[in-house]
Amino acid sequence: IAEQYLKKGSQAYFEGRIQTRKWQDNSGNDRYSTEIVANEMQMLGGRAGGGGGAPMESGGQSQSKPAPAETAPMDDGFDDIPF
C-alpha cells in the first residue's frame, strides 16, 4: 500500500514490529536485512506532501479512530496561591 500512495520524501507513521533476516549472497557471505513489518500505516501531511487520509491497516482496509472526548477544565484549588 505504501508503494502506491507514498513517494520519496512523503511523511508517514508506521506501527508494527522489526524483523531481521539473515541470507547469503552469491559469494557465500552472510548478509542481514532489517525490515519493518507494519500492521498500521498513517500518511501524514497534506496532499502536496504525498499524504493525508485515514489510517490503513495491513489488509488495505480503512480504519477511522474516534476523536478524543473533550474534557472540562479541572479545578485544582490552586487559584488562591499567590505565586
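Below are the figures for this structure:
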quantity	calculated
Tabulated pairs, the stretch 24-35, first in a loop (DSSP other than H, G, I, E, B), second surrounded by 10 or more Cβ atoms within 10 Å (Cβ to Cβ), C-beta under 9 angstrom, 6+ apart or interchain	Asp25/Arg31
Residue list for the stretch 8-36, restricted to those being modelled with pLDDT of 90 or more and surrounded by 10 or more Cβ atoms within 10 Å (Cβ to Cβ)	Ser10, Gln11, Ala12, Tyr13, Phe14, Glu15, Gly16, Gln19, Arg31, Glu35
Matching residues, the stretch 1-23, being of a type in the set (Ser, Thr, Tyr) and not in a strand (DSSP E or B)	Tyr5, Ser10
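The values are calculated or read from the model by the stated rules, or taken from the named source; none is laboratory data. In this text the structure is predicted, and so the values were computed from the model without any measurement. Backbone-built Cβ (ideal geometry, glycine too); neighbour counts: all protein chains shown.
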